[in-house]
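Notes follow the structure.
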Amino acid sequence: MIQPENLTVAEVLRRYTRGPTTGVFTDGSATPNPGPGGWGAVYVRDDEVIQQAYGHDPDTTNNRMELTAIRAAYDLIPDGTSTVVYTDSKLAVDTLTNWAYGWRKRGWRRKGGAIQNLDLVRPLFEIVEARPEVTLEWIKAHSGNRWNEYADALSTAYLRDVL
């Protein structure tokens, strides 16, 4: 696993310039995993921050924080606005765009056992279904994409004195 740099948002903006310039970018973290964690979401249009949100939980997992960040992303997007939500969690994308359909058909059960984080997955899947104008896409973590790195900085803000 690639370790996050724990940069402030100002440091991210100085260091990174590439990647998509419009969308909502999310990230979640827990250090150690499980342990204390944080989440972040930033809505940008043409490389300008429209809104952002972030928070933390003293006892959580990385996956819970990734899902929490995606939920926050949908809350940042005005109803009817077409945009992309970018997350670096392939697990979250697969969960919400592929696997949840089958789990719902089976009464929110999966063949291999319990569904992890169902308390977050189920309501978030309903939001994803209700917002077809929003696309959920995976973006590679820690690869220099400015706004994904910014979301990472939001998700680790609880570790620093400076945002």
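Computed from the coordinates by the stated procedures, all read-outs in this text should not be read as laboratory data. The structure presented is a predicted model; accordingly, all values stated were derived computationally and were not measured. Don't worry about glycine lacking a Cβ; one is built from the backbone with ideal geometry, like all the others, and counts go over all protein chains shown.
Modelled this way, with points 7 Å down the Cα-to-C-beta line, the labels at Asp47 and Arg122 are 4.5 nm from one another. Placing unit charges on the Cβ atoms only, positive for Lys and Arg and negative for Asp and Glu, gives the stretch 9-159 a dipole magnitude near 680 debye about its Cα centre.
Taking every DSSP bridge with both residues inside the chain, close to 70 percent are antiparallel. Compared with the dominant Cα axis of the chain, that is its longest principal axis, helix 62-76 is turned about 80°. Distance between the pseudo-spin-label points of Ala130 and Glu5 (7 Å out from Cα toward the beta carbon): 3.8 nm. Of Ser89, Ser29, the sequence from fewest to most neighbouring Cβ atoms within 10 angstrom is Ser89, Ser29.
With a/c under 1.5 counting as rounded, go ahead and sort the stretch 18-83 into rounded, prolate or oblate using the C-alpha gyration tensor (a ≥ b ≥ c being the square roots of the eigenvalues; past the cut-off, prolate if a/b is larger than b/c, else oblate). Display every interim value, and only then the final one.
Working: a/c = 2.87, a/b = 2.05, b/c = 1.40.
Taking the square roots of the gyration eigenvalues as a ≥ b ≥ c, the stretch 18-83 is prolate.
Summary value for the stretch 18-163: 33 percent relative contact order, contacts being C-alpha pairs under 8 angstrom separated by 6+ residues.
The ranking of Val84, Val44, Val162 from fewest to most other beta carbons within 10 Å of each one's beta carbon is Val162, Val84, Val44.
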